[in-house]
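Take a look at the structure below.
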Ligand SMILES: *Cc1c(COP(=O)(O)O)cnc(C)c1O
């Protein structure tokens, strides 16, 4: 039986022609007309005026923190429930991550706990240097509240929208909140360039400075002069061509992912002990991944039982992200709350969610889940 992947790449059709242009023009380089066009088109899509195409979302996060002046002995607040890249980037600048639990409405950074943390830090005279909010699994965090809290304490907000291209919150696109935002075009994301990232901001100076650092911080001189430490983080012109083709089909990709969710929900929501990740009333989730939690007492099987049953049918499913405060590498870091993130991890499963998934693929997944539940 053919393998069903969690979230495989899905080309739109225009990509080979656009890549061919890079060969014809000989711009096989980390700059060129495809990079410029991709940045413009992407900025338009997320309704943020300035964008820098980079080699990864992780690199974009690193630059975002540098742009906010975060450094040694600083602390940066981020959610416990995220992919490790969010927290890793904090350590790249020598700062320390502080983890905050999720709320159950969005599975994202709990605004009440964020506020408690910033209040306490203000009292201690040791305010966080930045907050990174994450838009998990295609759903925006609660930005009406988070932006207000960050403004109140004058802490810069960075939006990790790596998983949420195409989502919105109160009618505004993911990536338009905060001082700057980052996206990822890794192979499993909603659109992909095989690997890549984007930094976007309303602040033109921030983006041009990030672009400068991403290009080895070369001063404007013919002789390779450097006054700052630079990085090699620019996106290849070849990959930007792929990104342009992918961006053209983004709306279709969001529709397909939401249709996956609707089908799973229709067939499985009635089973006792299964609960799908809610869609918060403030926004529109792309359902990048369809996620659910399994209460073993009610369902009669654990998350792992279901995952292994799917695997034995050659279907890839994954547990929800293991929270950062439960990771060996961050075991010493401070966490506020953490039990909700822990429970989402222990009981949470991501079902195959690719935009190229067929109805038959989903039916295969659905029948395994139903079978395990009725054992
Ligand atoms: C994928 C991802 C990243 C990292 O992006 P890369 O392009 O793989 O470096 C960062 N944060 C989150 C939440 C992600 O899911």
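What follows draws every value from the coordinates through simple rules; no lab data is involved. This one's a predicted model, so the numbers in the text were calculated from it and none came from an experiment. As a convention, Cβ positions derive from the backbone with ideal geometry for all residues, glycine included, and neighbour counts pool all protein chains shown.
A few notes on this one:
- Efficiency of FRET between residue 298 and residue 358 - r from beta-carbon atoms, R0 41 angstrom, step 0.05: 0.85
- Label point 7 Å beyond Cα of residue 215 along Cβ direction - residues of segment 48-73 with amide nitrogen under 13 Å: 52-54
- Using C-alpha pairs below 8 Å separated by at least 6 residues, the relative contact order for the chain is 24 percent.
- Value of Rg to Rh for segment 141-252, rounded to two decimals, is 1.03; Kirkwood radius and Rg both from alpha-carbon coordinates.
- Extent of segment 117-174 along its three principal axes (Cα atoms, max minus min coordinate, largest first): 39, 19, 13 Å.
- Placing R0 at 30 angstrom, the Cβ-Cβ distance between residue 276 and residue 40 gives a FRET efficiency of 0.25 after rounding to 0.05.
- Averaging the sequence gap over all C-alpha pairs within less than 8 Å and six or more residues apart, then dividing by the number of residues, gives segment 222-333 a relative contact order of 16 percent.
- Centre separation in Å (Cα based) which lies between segment 318-375 and segment 106-122: 24
- Kirkwood-Stokes translational diffusion coefficient of segment 251-373, alpha-carbon pairs, 4 °C, 1.567 mPa s, µm²/s: 85
- Multiplying the residue separation of residue 255 and residue 367 by 0.36 nm and removing their Cα-Cα distance gives an extension gain of 38.0 nm.
- Once the mean of 1/r is taken over each pair of separate Cα atoms and inverted, the chain shows a Kirkwood hydrodynamic radius of 21.3 Å.
- Cβ-Cβ distance of residue 26 and residue 91, R₀ of 56 Å, FRET efficiency by 1/(1 + (r/R0)^6): the value works out to about 0.90.
- Peptides 37-43, 50-56, ordered by how many other C-beta atoms sit within 10 Å of their residues on average, highest first, read 50-56, 37-43.
- This ranking places 154, 305 by how few other beta-carbon atoms lie within 10 Å of each, fewest first, which gives 154, 305.
- Counting every alpha-carbon pair across segment 42-113, the share separated by more than 19 Å comes to 46%.
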